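Colleague: Quick one: the structure is below, and I'll ask about it shortly.
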Amino acid sequence: MYYHFEITGEIDFAIISGVIYDYEKKNIRKIFDAGVNLSEKYKDKKFTLIVDEENSFIKQMSDFIKTSLAGAGRILVVSNKASELFQSMEIPNLEYFDLDILSNKENYNYKIINVIGKIDCADREKSEIEYHNDRIYKVQKLVLDESKIPSGTDFFLLGPRRGAVVFISERVKKAIEENLEGSYKIIPASEFVKK
């Protein structure tokens, strides 16, 4: 069984707005939405997030940070603890990149997780999905065809879709719930809706 995983913005934690740059000080554009390997270009390189103080809310940093970053798409920003947990699980299609979060009050060291692999696994007959240019546009009802998901897959992005929609295995769900804290939502894939 697979679950939709999303970092959410809760008032007790942090919601960070701002701009994210790569090591060349270039504003990144949705590179983490594609599901492609980025380690060749960014191996051992840091990303920097400059916090927009007026539009951010940082009450407490946690293992998952909700971000709203200009043109960057969805980014999985996690604590070092979360990164170490996933690395200890030996999940082969995850890449980890250092992220410095810089604010006027304090600086934080976090990680970005890049999920490699978009899987076209929606059961097109049983799901209620609207496609645009053969990409998923809206989802009213999602039924996964798990025979299309390689055995042992713990993280994947739903394809074909432009943006990143993350799904996790039961094993990862359990590890998150037992070891990490923060603002996130885990729901069965069958409850995922995208309007």
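The values are calculated or read from the model by the stated rules, or taken from the named source; none is laboratory data. These numbers were taken from a predicted model, which means no experiment stands behind them. Positions of Cβ are generated from backbone atoms using ideal geometry, with glycine treated the same way; all protein chains shown enter the neighbour counts.
Colleague: For residues in segment 120-173 being part of a loop (DSSP other than H, G, I, E, B) and polar (S, T, N, Q), which is farthest from Arg74 (Cα to Cα)? Steps first, please.
Modeller: Of all residues in segment 120-173, those part of a loop (DSSP other than H, G, I, E, B) come to 120-121, 123-127, 133-134, 142-143, 145, 149-154, 159-165.
Those left that are additionally polar (S, T, N, Q): 127, 133, 151, 153.
Values: Ser127: 24, Asn133: 21, Ser151: 26, Thr153: 21 Å.
Here the answer is Ser151.
Colleague: Name every residue in segment 51-74 that is in a loop (DSSP other than H, G, I, E, B) and within 19 Å of Ile11 (Cα to Cα), in order of residue number. It would help to see each step written out before you state the result.
Modeller: Initially, segment 51-74 is screened for residues in a loop (DSSP other than H, G, I, E, B), giving 52, 56, 59-63, 70-74.
Asp52, Ser56, Lys59, Gln60, Met61, Ser62, Asp63, listed by residue number.
Colleague: Still on this structure: Here's a check for you: in segment 1-50, which residue that is assigned to a loop (DSSP other than H, G, I, E, B) and of a type in the set (Ser, Thr, Tyr) is surrounded by the most Cβ atoms within 10 Å (Cβ to Cβ)? Can you show your working first?
Modeller: Within segment 1-50, the first condition is being assigned to a loop (DSSP other than H, G, I, E, B), and the residues that meet it are 1, 8-13, 22-26, 28-30, 34-38, 43-45.
This time we only want the ones that are of a type in the set (Ser, Thr, Tyr), so: 8, 23.
Details: Thr8: 12, Tyr23: 14.
Step by step, filter segment 1-50, then rank; the result is Tyr23.
Colleague: Name the one entry in Lys195, Lys148, Lys138, Lys185 that is in contact with a Cys (Cβ under 6 Å, 6 or more places away or on another chain), loosely packed, with under 14 Cβ neighbours inside 10 Å and at negative phi. Quick ask: steps written out before the conclusion?
Modeller: Numbers: Lys195 fails: in contact with a Cys (Cβ under 6 Å, 6 or more places away or on another chain); Lys138 fails: in contact with a Cys (Cβ under 6 Å, 6 or more places away or on another chain); Lys185 fails: in contact with a Cys (Cβ under 6 Å, 6 or more places away or on another chain).
Unique residue meeting the criteria: Lys148.
Colleague: Still on this model: Got at least one residue in segment 130-138 being in contact with a Ser or Thr (Cβ under 7 Å, 6 or more places away or on another chain) and touching a residue at least 12 places away in the same chain (Cβ under 8 Å)? Walk me through it before giving the result.
Modeller: Keep residues of segment 130-138 that are in contact with a Ser or Thr (Cβ under 7 Å, 6 or more places away or on another chain), which gives none.
No: segment 130-138 contains no residue that is in contact with a Ser or Thr (Cβ under 7 Å, 6 or more places away or on another chain) and touching a residue at least 12 places away in the same chain (Cβ under 8 Å).
Colleague: Take Ile176 and tell me if it is in a strand (DSSP E or B) and either surrounded by 16 or more Cβ atoms within 10 Å (Cβ to Cβ) or at pLDDT below 95 (or both).
Modeller: Considered against the rule, which asks whether it is in a strand (DSSP E or B) and either surrounded by 16 or more Cβ atoms within 10 Å (Cβ to Cβ) or at pLDDT below 95 (or both), Ile176 comes out as no.
Colleague: From Leu102, Leu76, which residue is under 20 Å from Tyr21 (Cα atoms) and touching a residue at least 60 places away in the same chain (Cβ under 8 Å)?
Modeller: The conditions single out Leu76.
Colleague: If I ask for residues that are in contact with a helix residue (DSSP H, G or I) (Cβ under 6 Å, 6 or more places away or on another chain) and of a type outside the set (D, E, K, R), which ones from segment 145-166 would you list?
Modeller: So the first thing to find is which residues in segment 145-166 are in contact with a helix residue (DSSP H, G or I) (Cβ under 6 Å, 6 or more places away or on another chain), and the list is 154, 163-164.
Passing the criteria: Gly163, Ala164.
Colleague: Considering only residues that are within 27 Å of Arg161 (Cα to Cα) and not in a loop (DSSP other than H, G, I, E, B), which ones fall in segment 78-109?
Modeller: Val78, Ala82, Ser83, Phe86, Gln87, Leu94, Glu95, Tyr96, Phe97, Asp98, Leu99
Colleague: Kindly indicate the residue of segment 85-109 that is acidic (Asp, Glu) and surrounded by 13 or more Cβ atoms within 10 Å (Cβ to Cβ) and also farthest from Met61 (Cα to Cα) among those meeting that condition.
Modeller: Glu95
Colleague: Given the conditions (1) outside the structural domain of Val78 (by TED's automatic domain parsing); (2) at pLDDT 95 or above; (3) surrounded by fewer than 17 Cβ atoms within 10 Å (Cβ to Cβ); (4) not β-branched (Val, Ile, Thr), and given that Glu130 satisfies all but one, which numbered condition is not satisfied?
Modeller: Of the numbered conditions (1) outside the structural domain of Val78 (by TED's automatic domain parsing); (2) at pLDDT 95 or above; (3) surrounded by fewer than 17 Cβ atoms within 10 Å (Cβ to Cβ); (4) not β-branched (Val, Ile, Thr), the odd one out for Glu130 is (2).
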